[in-house]
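See below for the structure under consideration.
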Amino acid sequence: MSSVNGNTGRSASSVYKALDEASLNRKHWTTVITAGMGFFTDAYDLFIIGTVTAILTPLWHLSTGQLSLLNSISLLSSVFGAIIFGKLMDRLGRKAMYGVEVILLVLGAVASAFSQTFVELLVFRIVVGIGVGGDYATSAVITSEYANQRDRGRLIGTVFAMQGFGLLAGPLFASILLATGVSSSISWRIMLAFGAIPAASVIYLRRKIKETPRFTMQVKGDIDSTVEAIRWTVGTSAQLPNASDAVAANDSNSRISDPKFLKRLIGTAGTWLLMDVAFYGNGVSSQVILKALFGAKTSLLHNTVVAALIFLVFAVPGYWVAVYFMDKIGRKRIQWQGFLIMAIGYAVIMAVPGVVRIPALFLVIYGITYFFIEFGPNETTFVYPSEIFPTSIRGTADGLSAAGGKVGAFIAALSMPTIVKDLGLPDAMGILAIVSLAGVLLTLWALPEPMGKTLEDASGESDEEDAEPREKVS
């Protein structure tokens with residue numbers, strides 16, 4: 001079974017030629033920044049909880065189970081958010097859902113800050129998670145469908161790279177609050193409430209972005225809206241197909257169950273799951289890992305500052321190196337080589353017991369794995385699903401892929417504190433080495449390389465999906 005027939009693919013490509021060949025402009029960057037601020041918030045909200053629960057544990061006398069649940073519940077609820085928003089995007093449109101997810105983030109963050117009990121905080125963190133999951137599904141697809149051919153990977157990657165600033169902002173903001181002597185009973189509430197600010201700043205912009213031209217053409221068959229959206233982006237009209245081609249473009253039979261797309265989905269969701277086991281196992285559980293490394297008597301402020309330095313020195317540069325190389329060496333190579341170096345780094349920590357007894361050496365190796373998570377699968381698992389599925393199922397596939405990732409994140413955040421406590425740091429790193437090696441193999445087997453192809457070619461909507469990448473436009 002094919003998605004859209006070859007004639008349809010060619011006619012659609014002629015409409016999108018103005019988008020594909022456009023130079024980067026203000027509307028591209030407006031779209032990227034509008035989407036990226038959501039990812040700043042996503043990262044901040046998901047990772048600040050590790051510091052918050054470290055503060056709340058003595059205040060609320062949290063058990064290990066309660067601690068793990070608070071650290072992971074947003075990740076679990078984000079699974080449902082990604083699936084729901086992804087499906088609704090394909091049914092109702094991208095614009096219909098864009099902005100709704102950040103409203104949930106704002107409401108969840110503010111309500112979390114005013115929680116009085118463990119149950120209340122748990123419920124409001126579920127709301128935050130649904131918003132986060134929705135943001136993963138919507139932002140990548142919208143950026144992909146507005147991007148030009150030459151810079152598509154760079155643009156989508158830039159959206160996700162904003163996560164790095166959120167990762168950095170969390171421990172830095174927490175360190176400032178802790179260092180200035182703000183009482184514990186107030187500081188954790190301020191940390192949670194702060195997450196509402198960047199999300200609130202982009203609600204208006206998200207609601208003003210036009211429906212993507214690929215959705216209006218491929219799903220709705222609305223030529224007028226398609227041309228309007230393209231003109232909004234590049235300031236010019238597009239070459240239009242005739243009426244019969246427009247009808248054909250609205251006749252998509254793509255299904256996730258198609259063996260070709262099912263294999264790709266296994267690849268995107270599976271590698272995202274494996275990556276998030278490593279990424280969130282390390283990130284959300286950083287306080288647990290650093291406590292195991294430095295000892296129980298080390299202060300929360302000390303460990304928070306160390307976590308911030310790791311993000312600053314290793315993680316943040318990794319995001320932007322990935323963005324730079326995304327359209328130069330390709331998504332596939334960045335992903336499998338990142339997984340491979342992660343596996344090697346974790347294996348070294350496991351195989352050489354002395355590493356964990358020398359904190360500086362451990363942090364260097366640990367930091368290198370962080371760099372190659374970012375200059376590796378953390379970036380590419382976000383980019384891939386928005387490129388290699390047809391328009392009519394792109395939202396659903398992206399949502400399912402993101403959901404797979406968050407299942408991995410939930411598993412890691414829930415289990416990592418117990419694994420580190422019961423098995424020790426070396427064995428915990430050994431488990432992550434096996435997970436990372438599995439990511440290498442799955443990437444090589446299941447995923448194509450979309451670099452240099454139009455979105456229609458990369459996704460299988462045209463009859464040229466298996467052709468060599470077209471010469472890049474200047």
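Residues that are small (Gly, Ala, Ser), touching a Leu at 6+ places or on another chain (Cβ under 7 Å) and either at pLDDT 85 or above or more than 18 Å from Ile368 (Cα to Cα) (or both): does the range 294-312 have at least one? Scanning the range 294-312, I find no residue that is small (Gly, Ala, Ser), touching a Leu at 6+ places or on another chain (Cβ under 7 Å) and either at pLDDT 85 or above or more than 18 Å from Ile368 (Cα to Cα) (or both), so the answer is no.
Would you call Ala35 modelled with pLDDT of 85 or more and either under 22 Å from the mean Cα position of the chain (by Cα) or not in a helix (DSSP H, G or I) (or both)? Can you show your working first?
Details: modelled with pLDDT of 85 or more: yes; either under 22 Å from the mean Cα position of the chain (by Cα) or not in a helix (DSSP H, G or I) (or both): yes.
Taking the combined requirement at face value, the residue satisfies it.
Among the residues of the range 317-346, the ones that are of a type outside the set (Gly, Ala, Ser), part of a helix (DSSP H, G or I) and crowded, with 20+ Cβ neighbours inside 10 Å come to 9 in all.
If I ask for residues that are under 16 Å from Ser386 (Cβ atoms) and over 17 Å from the mean Cα position of the chain (by Cα), which ones from the range 151-191 would you list?
Of everything in the range 151-191, just one residue is under 16 Å from Ser386 (Cβ atoms) and over 17 Å from the mean Cα position of the chain (by Cα), namely Asp151.
Considering every residue within the range 210-228, establish whether at least one is among the aliphatic types (A, V, I, L, M), out of contact with any Asp or Glu (no Cβ under 9 Å at 6 or more places or on another chain), farther than 28 Å from Ala109 by Cα and modelled with pLDDT of 85 or more. For the range 210-228, residues among the aliphatic types (A, V, I, L, M), out of contact with any Asp or Glu (no Cβ under 9 Å at 6 or more places or on another chain), farther than 28 Å from Ala109 by Cα and modelled with pLDDT of 85 or more: present. Restricting the first member to the range 432-459 and to residues that are farther than 10 Å from Trp336 by Cα, and the second to residues that are in a loop (DSSP other than H, G, I, E, B) and among the β-branched types (Val, Ile, Thr), the beta-carbon pairs closer than 9 Å and six or more apart or on different chains are Leu447/Ile388; Pro448/Ile388; Pro450/Ile388; Met451/Ile329; Glu456/Val4; Ala458/Ile388; Ser459/Ile388.
The values are calculated or read from the model by the stated rules, or taken from the named source; none is laboratory data. This one's a predicted model, so the numbers in the text were calculated from it and none came from an experiment. When we count neighbours, we look across all protein chains shown, and the Cβ atoms used for this are built from the backbone with ideal geometry, even at glycine.
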